[in-house]
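Take a look at the structure set out below.
The values are calculated or read from the model by the stated rules, or taken from the named source; none is laboratory data. Computed from a predicted structure; not experimentally measured. Here the Cβ positions follow ideal geometry from the backbone for every residue, glycine too, while neighbour counts run over all protein chains shown.
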Amino acid sequence: MSPINHVQVVWFKRDLRVSDHRPLYEAAQNGPVLPLYIAEPTVINAPDFGTRHWEFIRGSLAELRENLAQRGQPLILRVGDAVEVLKTLHHELGIFTLYAHEETGNDITFQRDQAVRQWAKSQQIQFHEFYQNGVVRVLNDRDGWSKIWEKRMTEDILPAPHQLPTIKGLDLGEIPTSEQLELPKLPGTIQPPGEQAAQELLQSFLYERGQPYHYALSSPLSAFDHCSRLSPHIAYGTISLKTVVQALKKRRSELKDDTTEDAGGWKKSMRAFEARLHWQSHFIQKLESDPGIEFQSFIPPYDQLRESEFNSEFYQAWCEGKTGFPMVDACMRALQETGYLNFRMRAMIVSFAAYNLWLDWRQFGHYLAQQWTDYEPGIHYSQLQMQSGTTGINSVRIYSPTKQGKDHDPEGVFIKRWVPELVKVPLKYIHEPAKMPAIVQEESQCIIGKHYPYPIVDHIATAKEAKRRIYEMRRLPELRQLADEVMAKHGSRKKPSNRRFPKKKSSTS
């Protein structure tokens, strides 16, 4: 095809929407727009990428292509290295201007973005990047970060362009299936992807499902329905964080003068949800400011604690949900099937792996990343380290899987749904089936060691030993100095933290 006069190429990454999309909006002001998505083998074959991710992306891409086609120019898709794809487009289109959102991803996407910038500069191609959340590139000081976040979240929501001139002669490219990308078969389901699903979830949460959120978020019995479930949509950008924040503020304003009892619950829940929207960018900022936390602990000497003690049998039992701890096993199996767990249960399964099984977060982090539909590297690595005790500034909180089960699944409903071996186990023993007398095991058709495993560790003894080893490290003067540096660089500025060296008894919950 003959070169087209100065096309505006909009490179979609983790921003699969047409509404409130600044690169698309700005490009549409300056000439014909070519929307582009690149399926990159280096990203797809990385150890933190799973089939569930691609299935969510693929569904979102199909809707995005249709939304853009309705405006005149469908999305084009290419499979390959980003620089090589852009080189080919350069040959086909001539000089173009490139637009994209900034991305705080894993090291692969970080190196990819650097290579694209270098190539664009070498070819005298203008490359415009725009922020899309509260993460600040080249942040010199955490002081004032929250004000930047607030300012960004109050900016106008940008409309989708009404009409895009059609660029003829380019092959659109097929959106590949998981099989075509040679990804493993999806073990379970995914949430409905796409921009429309995101908008529907937002409205149903704010006006129908969210009233009990502030307490429902702790239990897997209620969280699946009463949490927002927007996290994968925010992670892959089928809705902008700003859109969610402004819709929430509108809802809070509507509730302000409502004095009914029902409104009281709504107000608590909306406040709690707003706090978590702040946390989203807060944690991603940690990775933006310190990319090394993907590979090493915030305080590197903590890497020595577990790296030589990997127990493959423990790891396999944990992955398969066959640890002998019903709440852990139910959560792991639910995660494999649905790609989702509520925050408290996420913390519990990481705590169990890191403390009770003494597994290094670097050894099990990729497995979890593959399972979460909403995998967000900045949040993922920060949370893995927080729950593993390697940040040096957070409380060592070790969750008792038995207590968590009794507190958040008292009737064993969640456990029996996901661990069918225990369906006939009496309520008295549902959280500790190994304590069943032999006659009860026979009556329940659940022989421990045959139908369901014995607990693979003593969770009380292993928790005690884990605390001893962590606090032994924390008392070292050189680690205290490193912890001060981590706090200065990454700590929240909202209020003084007293969590860096908690009392020794603040342990099991």
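Picking from GLU294, GLU320, GLU288, which residue would you name as being under 18 Å from LEU368 (Cβ atoms), acidic (Asp, Glu) and in contact (Cβ under 8 Å) with a residue 60 or more places away in the chain?
Step by step, each of GLU294, GLU320, GLU288 is checked, and only GLU294 is under 18 Å from LEU368 (Cβ atoms), acidic (Asp, Glu) and in contact (Cβ under 8 Å) with a residue 60 or more places away in the chain.
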* Structure fact -> Flagged in segment 112-164 as acidic (Asp, Glu), under 22 Å from the mean Cα position of the chain (by Cα) and not assigned by TED's automatic domain parsing to the domain that holds ALA28, in numbering order, are GLU150
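Any residue at all in segment 111-118 that is at positive phi and either surrounded by fewer than 17 Cβ atoms within 10 Å (Cβ to Cβ) or free of Cβ contacts under 8 Å to residues at least 40 places away in the same chain (or both)?
no
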* Based on what the data block shows, is GLY72 of a type outside the set (Ser, Thr, Tyr), under 29 Å from the mean Cα position of the chain (by Cα) and on the phi > 0 side of the Ramachandran plot? -> no
* Qualifying residues in segment 454-476 (those that are part of a loop (DSSP other than H, G, I, E, B) and under 31 Å from the mean Cα position of the chain (by Cα)) - the one surrounded by the fewest Cβ atoms within 10 Å (Cβ to Cβ) -> ASP458
* Within segment 19-105, which strands (runs of 3 or more DSSP E) (wholly inside it) include 1 or more residues that are among the hydrophobic types (A, V, I, L, M, F, W, C) and in contact with a helix residue (DSSP H, G or I) (Cβ under 6 Å, 6 or more places away or on another chain)? -> 33-39, 96-101
* When you look at LYS121, is it modelled with pLDDT of 95 or more and under 24 Å from ILE239 (Cβ atoms), yes or no? -> no
* **Residues (within 20 Å of GLY405 (Cα to Cα) and among the aliphatic types (A, V, I, L, M)) located in segment 429-466** => ILE430, ALA434, MET436, ILE448, ILE456, VAL457, ILE460, ALA461, ALA463
* Which listed residue, of GLY59, GLY72, is within 30 Å of TYR340 (Cβ to Cβ) and at pLDDT 95 or above -> GLY59
* Can you find even one residue in segment 275-285 that is touching a Leu at 6+ places or on another chain (Cβ under 9 Å) and more than 19 Å from GLN385 (Cα to Cα)? -> yes
* Structure fact -> With criteria (1) surrounded by fewer than 18 Cβ atoms within 10 Å (Cβ to Cβ); (2) at pLDDT below 95; (3) more than 30 Å from ARG333 (Cβ to Cβ), PRO187 comes up short on (3)
* **Considering residues of segment 397-427 that are part of a loop (DSSP other than H, G, I, E, B) and surrounded by fewer than 22 Cβ atoms within 10 Å (Cβ to Cβ) only, the residue nearest to the chain's Cα centre (by Cα)** => ARG397
* Asked: Of the residues HIS278, HIS282, HIS214, HIS233, which is farther than 30 Å from ALA46 by Cβ and not acidic (Asp, Glu)?
  -> HIS214
* Structure fact -> Taking first residues from segment 77-89 that are closer than 13 Å to PHE12 by Cβ and second residues anywhere that are at pLDDT below 95 and exposed (fewer than 15 other Cβ atoms within 10 Å of the Cβ), the pairs with Cβ under 7 Å that are 6 or more apart or on different chains are none
* For THR391, work out the one condition from (1) crowded, with 22+ Cβ neighbours inside 10 Å; (2) part of a helix (DSSP H, G or I) it doesn't fulfil. => (2)
* Among the residues of segment 446-462, is there at least one that is more than 22 Å from PRO220 (Cβ to Cβ), small (Gly, Ala, Ser) and touching a residue at least 40 places away in the same chain (Cβ under 8 Å)? -> no
* Structure fact -> Filter segment 299-353 for residues that are assigned to a loop (DSSP other than H, G, I, E, B) and under 23 Å from the mean Cα position of the chain (by Cα); the one that is nearest to TYR452 (Cα to Cα) is GLY321
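Results for (1) without any contact (Cβ under 8 Å) to a residue 12 or more places away in the chain; (2) more than 18 Å from HIS214 (Cα to Cα), shown as yes or no for each residue.
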residue: ARG251; (1), (2): no, no
residue: GLU261; (1), (2): yes, no
residue: LYS268; (1), (2): no, no
residue: LEU305; (1), (2): no, yes
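Listed here are the residues, each with its yes/no results for (1) on the phi > 0 side of the Ramachandran plot; (2) over 21 Å from the mean Cα position of the chain (by Cα).
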residue: ILE167; (1), (2): no, yes
residue: ASP171; (1), (2): no, yes
residue: GLU195; (1), (2): no, no
residue: GLU200; (1), (2): no, no
residue: PRO212; (1), (2): no, yes
residue: ALA216; (1), (2): no, no
residue: ARG229; (1), (2): yes, no
residue: GLY237; (1), (2): yes, no
residue: THR259; (1), (2): no, yes
* Considering only segment 119-153, how many residues are in contact (Cβ under 8 Å) with a residue 60 or more places away in the chain, out of contact with any strand residue (DSSP E or B) (no Cβ under 9 Å at 6 or more places or on another chain) and farther than 30 Å from ASP484 by Cα? -> 1
* Only one of (1) assigned to a loop (DSSP other than H, G, I, E, B); (2) within 30 Å of ILE349 (Cβ to Cβ); (3) touching a Pro at 6+ places or on another chain (Cβ under 9 Å) fails for LEU201. Which number is that? -> (1)
